[in-house]
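Have a look at the structure below, then the notes.
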């Protein structure tokens, strides 16, 4: 079995109060993630519990109805030094109560037209947790990244996560983003760059925008 290495990551600081209250598409809240080097690709683990909270009675009723709840994760890997997109992917997760599978909850994940997994859970809580947590989800091929250790290029990831988006996912550059009222220049350029790369996103019941701490790939020995 190929040994999976946990990627080295730089430290990060919590988002400033002005960022938490922001609603512009430029503003990405900070959240730590875990990155893994699988040799040919990099994966990431990160939670998005606010997409589907147990306290949201309407959302839970929809899950129990048998209709699909769709969670769409737009994942953008950015080269921090070059300030450019390295790779962008759409990770799609569906959650529904399946009466034909012994009254169990089905969670299915797809990426690039390929099904990554289909799992069944007896309890709704476990199914919701699986749907709202990216667990070692592929985010980039290592052929598109540069290995250099701490002195080499570093990368960050931005994720636009949505619950039940109301329209098709549009990729590519969009309209110019609004100017963020930022004192943190690193946060400002990152949000504006990703806003340009992502473009317009459809309306959704819930939209969450997050950014991770930087990471780098260890040089091969």
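The values are calculated or read from the model by the stated rules, or taken from the named source; none is laboratory data. No experiment lies behind these values; they were computed from the predicted model shown. So basically every Cβ, Gly included, is an ideal-geometry build from the backbone, and we count neighbours across all protein chains shown.
Restricting to the stretch 116-133, what's the tally of residues that are in contact with a helix residue (DSSP H, G or I) (Cβ under 6 Å, 6 or more places away or on another chain) and not in a strand (DSSP E or B)? Qualifying residue count for the region: 1. Are any of the residues in the stretch 38-54 part of a strand (DSSP E or B) and at pLDDT below 95? No, every residue in the stretch 38-54 fails to be part of a strand (DSSP E or B) and at pLDDT below 95. Look at (1) surrounded by 17 or more Cβ atoms within 10 Å (Cβ to Cβ); (2) out of contact with any helix residue (DSSP H, G or I) (no Cβ under 7 Å at 6 or more places or on another chain) and you find that residue 136 fails only one, number (1). Could you tell me whether residue 94 is within 17 Å of the chain's Cα centre (by Cα) and over 22 Å from residue 32 (Cα atoms)? For residue 94, the condition - within 17 Å of the chain's Cα centre (by Cα) and over 22 Å from residue 32 (Cα atoms) - is met.
Restricting 52, 95, 116 to those that are under 17 Å from residue 208 (Cα atoms) and surrounded by 14 or more Cβ atoms within 10 Å (Cβ to Cβ) reduces the list to 52. Out of 66, 47, report the one residue that is touching a residue at least 12 places away in the same chain (Cβ under 8 Å) and on the phi > 0 side of the Ramachandran plot. 66 is the lone residue from the list that is touching a residue at least 12 places away in the same chain (Cβ under 8 Å) and on the phi > 0 side of the Ramachandran plot. Of 32, 89, all but one fail to be more than 12 Å from residue 163 (Cβ to Cβ), in contact (Cβ under 8 Å) with a residue 40 or more places away in the chain, under 17 Å from the mean Cα position of the chain (by Cα) and outside any strand (DSSP E or B); the exception is 32. What do you reckon, is residue 181 over 30 Å from residue 221 (Cα atoms), exposed (fewer than 11 other Cβ atoms within 10 Å of the Cβ), out of contact with any strand residue (DSSP E or B) (no Cβ under 9 Å at 6 or more places or on another chain) and modelled with pLDDT under 95? Considered against the rule, which asks whether it is over 30 Å from residue 221 (Cα atoms), exposed (fewer than 11 other Cβ atoms within 10 Å of the Cβ), out of contact with any strand residue (DSSP E or B) (no Cβ under 9 Å at 6 or more places or on another chain) and modelled with pLDDT under 95, residue 181 comes out as no.
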